[in-house]
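Asker: One structure is given below, represented as C-alpha cells, and several questions about it will come after.
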Amino acid sequence: MITYLDFFNYTHHPVRLNRKTRMVHAFRNNGTVLSIHWDKVYWVLGFVGRSGEYPITFLYGHILDHDQKTVLDTFPLSGRVGSIEESLAMWEFFRRYMEEGLPKAVEGIPEVICFPLDRGRERWALGWSLVTFGIHGPWPDLRYLVGVFFPFVLLVVAWRWIQMHLAKRPVWPQEVEDTCIIEPDDPHVYDVTTNPPKHRFGYC
C-alpha cells in the first residue's frame, strides 16, 4: 500500500548486479547509492507475514560490521514473493548469475519477471496489474475479489498513479553507469522484452 510518505520520494529503489565486477549497487531512500562487493553481503530470506496459508517473503542483503553481528545497512534484492520456494528459486537465479560467472549458468531457473522501470513513468495498466495481483496473489480462483472490491481497487490504483507521477525517478551516479555499460549485442539482457507474453504489461 502506498502512503503519503511515498509522495515526492522515489518511484522505485533499484539494485544493480554487475556480473563482471561482482559489485552490487543499491539505490537508497535518501538518494545515495550503496556499492559493495557481492561476497561482502550477508543474504537472508525475510518473512513479513502471510496471505492466507502462503508466506510472504523478500530477499534482503545485510551489510555487517567487523563483528559480523551488527547490521550497518540493509536493502531488498527482490519484491514481495508468495512462497518460500519462489524466493529460493529467485535467489538461485541471482546467485548463479553473480557467482558462476557465465550467463548460461542461469538456464533452467524458473521465469524471472522484469518491470519496465526504465521506460518512463509507470502506466495505469502496470499499476492496475500490481495492485490487483496484490489482492488475489497468484491464485486465479481469487480474482473475483477484484470485482467485489472494485471501488476500493480503483481508488488505490488512482492513488498509486498520482504518487508515481509526483515522485522522482532514481538516477545512478555516473561512476556506476560507467562500470555497468551493457554491450549493444549482449544476448543475455533481462528486461521487460524478455518476459513471457502474459507479463509484458502492455509495453511490448
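Asker: Test W124 against the stated conditions and say whether it is among the aromatic types (F, W, Y) and modelled with pLDDT of 65 or more.
Answerer: In short, yes.
Asker: Within the set of pairs 6+ apart or on separate chains, which have a first residue in segment 175-186 that is over 10 Å from H25 (Cβ atoms), a second that is modelled with pLDDT under 90, and C-beta atoms under 8 Å apart?
Answerer: I182/V189
Asker: Let me spell it out: the conditions are (1) within 21 Å of C180 (Cβ to Cβ); (2) within 14 Å of the chain's Cα centre (by Cα); (3) modelled with pLDDT of 70 or more, and R95 meets all of them except one. Which number is the exception?
Answerer: (2)
Asker: Considering V44, V71, V112, V33, which residue is modelled with pLDDT under 70 and β-branched (V, I, T)?
Answerer: From the options V44, V71, V112, V33, the qualifying one is V112.
Asker: Restricting to segment 154-170, name every residue that is surrounded by 12 or more Cβ atoms within 10 Å (Cβ to Cβ) and within 29 Å of I36 (Cβ to Cβ).
Answerer: Result: M164, A167, R169, P170.
The values are calculated or read from the model by the stated rules, or taken from the named source; none is laboratory data. The structure displayed is predicted, hence computed values, not measured ones. No Cβ is skipped: glycine too gets one built from the backbone with ideal geometry, and neighbour counts run over all protein chains shown.
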